[in-house]
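The structure under discussion appears below in the form of structure tokens.
The values are calculated or read from the model by the stated rules, or taken from the named source; none is laboratory data. Computed from a predicted structure; not experimentally measured. Note that each Cβ is placed from the backbone with ideal geometry, even for glycine, and that neighbours are counted across all protein chains shown.
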Amino acid sequence: MEQPTTTQHTHCLRCRRPLRSTTSIARGYGAHCAAKIRHAAADLTDYKPAQVDAARELIADAAIVHLRSVVFVTVSTDGTETYRTAPTACTCPAGLKTRRCYHTAAARLLLAA
């Protein structure tokens with residue numbers, strides 16, 4: 001039987017700085033970025049919990065790339081499409097129908113002040 005593996009990151013998933021503490025390495029975020037993400041998550045109450053989880057996974061998989069100021073390129077779940085995403089809008093099918101999508105949630109998490 002295979003043992004479950006845990007993913008450990010050596011660089012912060014948000015700012016890409018090196019992680020040094022074992023807690024930060026296990027979490028994938030430095031203490032400062034983790035606090036910012038917790039604070040930003042409070043602002044994501046208009047998203048479904050599954051969307052917030054998908055946004056965090058998008059960040060963890062490095063499937064969101066910062067282009068300029070508030071614009072990102074995000075990758076679809078199956079990896080076949082890319083979308084332009086901002087904290088308030090996205091070019092994914094849901095975003096084009098003015099629905100909230102996890103791409104915008106990920107953008108909000110990354111831009112949390």
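Scanning region 32-55 for residues that are surrounded by fewer than 12 Cβ atoms within 10 Å (Cβ to Cβ) and of a type in the set (G, A, S) turns up A42, A50.
I need a count of the residues in region 39-55 that are without any contact (Cβ under 8 Å) to a residue 60 or more places away in the chain, closer than 24 Å to R27 by Cβ and in a loop (DSSP other than H, G, I, E, B). Summing the residues that are without any contact (Cβ under 8 Å) to a residue 60 or more places away in the chain, closer than 24 Å to R27 by Cβ and in a loop (DSSP other than H, G, I, E, B) in region 39-55 gives 3.
Applying the criterion of being within 26 Å of A35 (Cα to Cα) and in a loop (DSSP other than H, G, I, E, B) to the residues of region 84-112, the residue that is modelled with the highest pLDDT is C101.
Checking each residue of region 56-78 against the condition of being out of contact with any helix residue (DSSP H, G or I) (no Cβ under 6 Å at 6 or more places or on another chain), in contact (Cβ under 8 Å) with a residue 12 or more places away in the chain, buried (at least 16 other Cβ atoms within 10 Å of the Cβ) and in a loop (DSSP other than H, G, I, E, B) gives at least one match.
Anything in region 79-113 that is in contact (Cβ under 8 Å) with a residue 40 or more places away in the chain and of a type in the set (G, A, S)? List them, or say none. Of everything in region 79-113, those that are in contact (Cβ under 8 Å) with a residue 40 or more places away in the chain and of a type in the set (G, A, S) turn out to be A105, A106, A107, A112, A113.
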